Amino acid sequence: MNFKVNVPVNKLRERFLKHKSFSRIVALAGSTALGQVLILLASPIVTRLYTPDDFGVLSVFISGLLIVIPASALRYELAIPLPAEDDTAINILALSSIIVVIASCFTCLVLLFFGDSFLSWCNVEILKPYKWFLPVSLFGAGMYQVLSFWAMRKKYFKNIAKTRIGQSVWLIMTQVVLGIFKIRPEGLLFGDIVSRIVGSGRLAVITLKEDNIIDRLDWCKIKNVMWRYRKFPILSSSASLLNCACLYMPSIILAAFYGTKTAGLYLLAQRVAGSPLQLIGNAVAQVYIGEAAEAAKKDLKELYILFFKFFKKLVFFSVFLFVGVFIFGPRLCAVVFGENWADTSMFIRIMAPMLIFQFIVSPLSQSANIIEKQGVQLIMDIIRFLFAFAALVVPYCYGWDGFGAIMVYSFVMMAIYIVHFFIYRKLITKALRV
């Protein structure tokens, strides 16, 4: 009897482990999971050092940051895995890094002249004392994003994994220490900044140590790749801004319409349920774009096969993740984090279906970039942004509370992710026939 039970399990394990892509996903997703476990273990301490209003400030800050991070290098970093030659990729890496520096400096200028008026217009005056944290965090996050794509090209998946765990450790240490000294909500913001700077610094050291980067830079080649991959800043950066706005604008709208406490409860729900799924999904996306770029160079039929291979794996894992998010996630809130955070369990249950469909479809969205259909992706993201914005604003106009707005938002986004999957499949099928 034991034999009959163990055989399917062993076959299933061998089936997955024989694929290199699965081992790479395990390396990145495992480090992501470990980092999230550390954050969750520290959350009972952090939630007792800071109030829901403090988390509301962090929620708005992170949401604003995450919306602009994808455009910090104008999406040129997406082109790093594509060229066959490392010399070309190195110059894309240099171009992306230069743009991140310029974007950080430009953010400083915008905040200097228009920062207060813009935050007032967005009805998030709570960020005015902390606006100068934004360009620092943007620099750290943008550089980490660029260097991660280079590490992904070079198959440095273990190095990416180590930096992610290190980021979680620094985040926790900074927030706990500053929270003990009652430096709040600044402690939460400093933790985010330190973790991003440490992560990008570590990847920069690895890149400079392992690869001969400096001597292979060529200004002429930098200009050439800027023009060769011009679709990325023209189309992909706009699409990414809209994509991230759909994901992170709920925190800003909740804070503006319903107060920072509601935004803080939403942030904890994201931390307990959304962040683990999103970060694991990002790990899958990083592996997928590397595998898909190689497959597309050989034959689009291989890309088609890879697309469905990843889809099946994502669906397989989503079953277990849904059970964890929907059943066990809400039970953590009241018991582990304290009674002040009990209402977060309702957010988790409402958001669970949306989060699962996001986990399945988002990694596969890189297919549009691989086959250079950024224009279609931009149109899709514009439509999604409009629907997401309406899903949050219309309930407010009818007097609904924050829970009702999130319920409508979750249902609308779930439907959109389903439609997007069929569009990505159609794009690859159409490219295959050409």
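The values are calculated or read from the model by the stated rules, or taken from the named source; none is laboratory data. On a predicted model such as this, the values are computed, not experimentally measured, just so you know. Here Cβ is always computed from backbone atoms with ideal geometry, including for glycine, and neighbour counts include all displayed protein chains.
Here are a few things to note about the model shown:
Here's the yes/no breakdown for (1) among the aromatic types (Phe, Trp, Tyr); (2) more than 27 Å from residue 311 (Cβ to Cβ); (3) modelled with pLDDT under 90:
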| position | (1), (2), (3) |
| --- | --- |
| 346 | no, yes, yes |
| 349 | no, no, yes |
| 357 | yes, no, no |
| 361 | no, no, no |
| 384 | no, no, yes |
| 390 | no, yes, no |
| 393 | no, yes, yes |
| 401 | no, yes, yes |
| 411 | yes, no, no |
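- Candidate set from region 74-83 (those that are of a type outside the set (Phe, Trp, Tyr) and in a helix (DSSP H, G or I)); member that is surrounded by the fewest Cβ atoms within 10 Å (Cβ to Cβ): 79
- Criterion violated by residue 38 - all others in (1) surrounded by fewer than 22 Cβ atoms within 10 Å (Cβ to Cβ); (2) under 19 Å from residue 254 (Cα atoms); (3) in contact with a Ser or Thr (Cβ under 7 Å, 6 or more places away or on another chain) satisfied: (2)
- Of all the residues in region 84-102, those that are of a type in the set (D, E, K, R) and crowded, with 24+ Cβ neighbours inside 10 Å number 0.
- Residues of region 119-133 satisfying the condition of being charged (D, E, K, R) and part of a helix (DSSP H, G or I): 125, 128
- Selection within region 49-64 - buried (at least 23 other Cβ atoms within 10 Å of the Cβ) and among the hydrophobic types (A, V, I, L, M, F, W, C): 55, 57, 58, 60, 61
- Selection of first residues in region 227-247 that are buried (at least 22 other Cβ atoms within 10 Å of the Cβ) and of second residues that are hydroxyl-bearing (Ser, Thr, Tyr), restricted to Cβ pairs under 7 Å at least 6 apart or on distinct chains, gives the following pairs, ordered by first then second residue: 229/76; 232/76.
- Selection of first residues in region 272-285 that are over 18 Å from residue 348 (Cα atoms) and free of Cβ contacts under 8 Å to residues at least 40 places away in the same chain and of second residues that are among the hydrophobic types (A, V, I, L, M, F, W, C) and in a helix (DSSP H, G or I), restricted to Cβ pairs under 8 Å at least 6 apart or on distinct chains, gives an empty result.
- Figure legend. Inter-residue proximity from region 289-300: first residues at pLDDT 80 or above, second residues surrounded by fewer than 19 Cβ atoms within 10 Å (Cβ to Cβ) and among the small types (Gly, Ala, Ser), beta-carbon distance below 8 Å, spacing 6+ or different chains. Indicated pairs: 291/21; 300/431.
Residues checked against (1) in contact (Cβ under 8 Å) with a residue 40 or more places away in the chain; (2) crowded, with 17+ Cβ neighbours inside 10 Å; (3) within 22 Å of the chain's Cα centre (by Cα); (4) under 20 Å from residue 249 (Cβ atoms):
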{"position": "109", "(1), (2), (3), (4)": "no, no, no, no"}
{"position": "115", "(1), (2), (3), (4)": "no, yes, no, yes"}
{"position": "133", "(1), (2), (3), (4)": "yes, yes, yes, yes"}
{"position": "138", "(1), (2), (3), (4)": "yes, yes, yes, yes"}
{"position": "147", "(1), (2), (3), (4)": "yes, yes, yes, no"}
{"position": "163", "(1), (2), (3), (4)": "yes, yes, yes, no"}
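- Exactly one residue out of 65, 38 is at pLDDT below 90 and not polar (S, T, N, Q): that is 38.
- Applying a threshold of 7 Å to beta carbon distances and a minimum spacing of six or more residues, or different chains, the list of pairs starting in region 189-216 at a residue that is modelled with pLDDT of 95 or more and ending at one that is of a type in the set (Val, Ile, Thr) and not in a helix (DSSP H, G or I) is empty.
- Filtered by the rule that a residue be under 20 Å from residue 55 (Cα atoms) and without any contact (Cβ under 8 Å) to a residue 60 or more places away in the chain, region 117-131 gives 119, 120, 125, 128, 129, 131.
- In region 248-261, the qualifying residues are those that are in contact with a Gly (Cβ under 7 Å, 6 or more places away or on another chain) and surrounded by 24 or more Cβ atoms within 10 Å (Cβ to Cβ), and the one that is nearest to residue 350 (Cα to Cα) is 254.
- For residue 329, the requirement of being under 19 Å from residue 265 (Cα atoms) and either at pLDDT 80 or above or out of contact with any Pro (no Cβ under 8 Å at 6 or more places or on another chain) (or both) is met.
- Residue within region 206-228 that is of a type in the set (Lys, Arg), closer than 30 Å to residue 382 by Cβ and assigned to a loop (DSSP other than H, G, I, E, B) present: no
- Region 412-431, residues that are loosely packed, with under 14 Cβ neighbours inside 10 Å and either in contact (Cβ under 8 Å) with a residue 24 or more places away in the chain or charged (D, E, K, R) (or both): 418, 426, 429, 430
- Residue check for residue 363: part of a helix (DSSP H, G or I) and farther than 25 Å from residue 313 by Cα: no
- Test: residue in region 168-184 that is modelled with pLDDT under 95 and under 21 Å from the mean Cα position of the chain (by Cα): yes
- Selection over region 165-181 of residues that are out of contact with any Ser or Thr (no Cβ under 6 Å at 6 or more places or on another chain) and in contact (Cβ under 8 Å) with a residue 40 or more places away in the chain gives a count of 7.
Every residue, every condition in (1) touching a helix residue (DSSP H, G or I) at 6+ places or on another chain (Cβ under 9 Å); (2) part of a helix (DSSP H, G or I); (3) more than 20 Å from residue 186 (Cα to Cα); (4) among the basic types (Lys, Arg), yes or no:
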| site | (1), (2), (3), (4) |
| --- | --- |
| 42 | yes, yes, no, no |
| 47 | yes, yes, no, no |
| 56 | yes, yes, no, no |
| 69 | yes, yes, yes, no |
| 89 | yes, yes, yes, no |
| 97 | yes, yes, yes, no |
| 105 | yes, yes, yes, no |
| 113 | no, yes, yes, no |
| 117 | no, yes, yes, no |
